[in-house]
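Here the structure is laid out as C-alpha cells; the discussion comes afterwards.
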Amino acid sequence: MQEAKEHLINGIKNGLDVSIKLIKTIVPFYIAVDLLINTQVANTIGKFLAPFMHLFGLTGKMAVALISGWLVNLYAAIAAVAPLHPTWQQVTILGLMNGIAHNLIVEAAVLHKTGTNPFFTIVFRISVSLIAGFLLYQFLRFVYG
Amino acid sequence: MAEALLHAFTGSLRLSIKLILIIVPLMVAYEFVQNSRWFAKLLDFLHIFLKPLGFSKQASISMLTGIFLGITYGSGILIAQSQKQQLTQLDVLLTAVYLSMCHAVIEDTLVFVVIGANGFYMLFTRIIIATIMTYLFYIYFKNKLNIAK
C-alpha cells in the first residue's frame, strides 16, 4: 500500500514535469502560428509547398507543422497544426511522419557522440518519414476514400 | 488584434489542459508497470519479437525503455549496458536503427490523438517500418559485425 502510494506520487510528478515541458513549447508556437496563419506570408508559403504536401494528403500550410516537427519537436508540430483544423487522417499522417523524424538537429548531435554520422541519421530519418507518410496516405485514401 | 490574440491564447490553453489530462495518468500507469511483477515477463515477451531481428536477450531492457519512454532514457541504459559488455556490436547498431525511428511511442502517439489522430494507424505503421528497416540492417550487417563485443 505504501509502495502504491509512492508509485502514484512519482507518476504524477513525472507526468506534470513532462506536461510543463511540453506546454512551454506549445503555447508560444500555437500563438505564433494562430496569429500568422491568415497572413499573406503563410498563404504564399502554403501555395508554394502545396503540390509537395499533397503527396501526403496534407495542405500547403501544414508544411509549417511538418518542418517545425523535423527541426524542433513533436509539440511544435502539434501546436502548428492544431489551429488549421486538420482532419483525423491528416493528423494521423503528420503524426506518423513527425513521429519517425523529429528534433533532428538535437538528436543527430546526440547520436554523433556515439559515433554515428549526423548527416546520415538526418537524411535517413527524413527519407523514411516521407516514404511512410506517402504510404499511409495511400492506405487511408484506399480504405476511407 | 486583441481578439486574435485572445483566440490564440485560449486555444493554446485548451490544448495544454488536454495534454495534462492525458500525460499524467499515463506516467502513473507506467510507474506501476515498471515496478510490477510482470516487468520481467514483459521483457521475455518482447524478446520473442526481437530475436528474429537479430537482437540478443540483453538488448530487451534498452529496447523496452527506449520504445516506451524515449531515446534519452533508452540510450542512457544502452550506453551503460554496452560498457558492461553485455551488448554485441550488432545489438548496439540495431537498437540505434530501431529506436531512431520508433521511440517514446506511447507519449508521441497520445499527443497526436489529443488533436484527433488515429493512434492505431500511427503506431502500427511506425512499428512495421522500424521493424523492416532493422531487419534490412540485420541482414546486411550480420556477417560483418556479429558477435564481436
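Yes/no per residue for (1) modelled with pLDDT under 85; (2) surrounded by fewer than 17 Cβ atoms within 10 Å (Cβ to Cβ); (3) in contact with a helix residue (DSSP H, G or I) (Cβ under 6 Å, 6 or more places away or on another chain):
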site	(1), (2), (3)
B:I71	yes, no, yes
B:I79	yes, yes, no
B:K84	yes, yes, no
B:Q89	yes, yes, no
B:G116	no, no, yes
B:R126	no, no, yes
B:I129	no, no, yes
B:F137	no, no, yes
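Residue by residue, here is whether (1) farther than 18 Å from B:N118 by Cα; (2) part of a helix (DSSP H, G or I) holds:
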| site | (1), (2) |
| --- | --- |
| A:I20 | yes, yes |
| A:I31 | yes, yes |
| A:T44 | yes, yes |
| A:L58 | no, no |
| A:L66 | no, yes |
| A:W70 | yes, yes |
| A:Y75 | no, yes |
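Have a look at B:L46, B:L64 and point out the one that is away from chain A (no Cβ under 14 Å), in contact with a Leu (Cβ under 6 Å, 6 or more places away or on another chain) and modelled with pLDDT under 85.
Working: B:L46 fails: modelled with pLDDT under 85.
Just a single option satisfies the conditions, and that option is B:L64.
Can you name the condition, by its number, that A:T121 falls short on among (1) at the interface with chain B (Cβ under 8 Å from one of its Cβ atoms); (2) part of a loop (DSSP other than H, G, I, E, B)?
Status for A:T121: all satisfied but (2).
Could you pull out the residue among B:G11, B:G66 that is in a helix (DSSP H, G or I), under 21 Å from the mean Cα position of the chain (by Cα), under 25 Å from A:I26 (Cα atoms) and not basic (K, R)?
After applying the criteria, what remains is B:G66.
Mind checking which residues of the range B:6-25 are within 7 Å of chain A (Cβ to nearest Cβ) and either within 16 Å of B:T109 (Cβ to Cβ) or in contact with a Lys or Arg (Cβ under 9 Å, 6 or more places away or on another chain) (or both)?
Of the range B:6-25, the ones within 7 Å of chain A (Cβ to nearest Cβ) are B:7-9, B:11-12, B:15-16, B:19-20, B:23-24.
B:L19, B:I23, listed by residue number.
What are the pairs with Cβ atoms under 6 angstrom where one residue, in the range B:105-132, is over 18 Å from A:T25 (Cβ atoms) and the other, located anywhere, is not in a helix (DSSP H, G or I)? Sequence gap at least six, or different chains.
B:R126/B:C102; B:A130/B:C102
Looking only at residues that are under 16 Å from the mean Cα position of the chain (by Cα) and polar (S, T, N, Q) in the range A:32-78, which one is surrounded by the fewest Cβ atoms within 10 Å (Cβ to Cβ)?
Once the filter is applied, the top-ranked residue is A:T59.
Select, from A:L140, A:L130, A:L94, the only residue that is more than 9 Å from chain B (Cβ to nearest Cβ) and farther than 16 Å from B:A96 by Cβ.
Going through A:L140, A:L130, A:L94 in turn, just one is more than 9 Å from chain B (Cβ to nearest Cβ) and farther than 16 Å from B:A96 by Cβ: A:L130.
Collect the residues in the range A:72-90 that are under 15 Å from A:E107 (Cβ atoms) and within 9 Å of chain B (Cβ to nearest Cβ), keeping them in residue-number order. Before you say what the answer is, go through the steps one by one.
From the range A:72-90, those under 15 Å from A:E107 (Cβ atoms) are A:72-77; that's our starting set.
Answer for the range A:72-90, where residues must be under 15 Å from A:E107 (Cβ atoms) and within 9 Å of chain B (Cβ to nearest Cβ): A:L74, A:Y75, A:A77.
Applying the selection to the range B:26-43, what residues are assigned to a helix (DSSP H, G or I) and within 9 Å of chain A (Cβ to nearest Cβ)?
We begin by selecting, within the range B:26-43, every residue assigned to a helix (DSSP H, G or I); these are B:26-34, B:38-43.
B:L26, B:M27, B:V28, B:A29, B:Y30, B:E31, B:F32, B:Q34 - these are the residues of the range B:26-43 that are assigned to a helix (DSSP H, G or I) and within 9 Å of chain A (Cβ to nearest Cβ).
The values are calculated or read from the model by the stated rules, or taken from the named source; none is laboratory data. Since the structure is predicted, the reported quantities are computational estimates derived from the model, not experimental observations. Cβ: placed from backbone, ideal geometry, glycine included. Neighbour counts: every protein chain shown.
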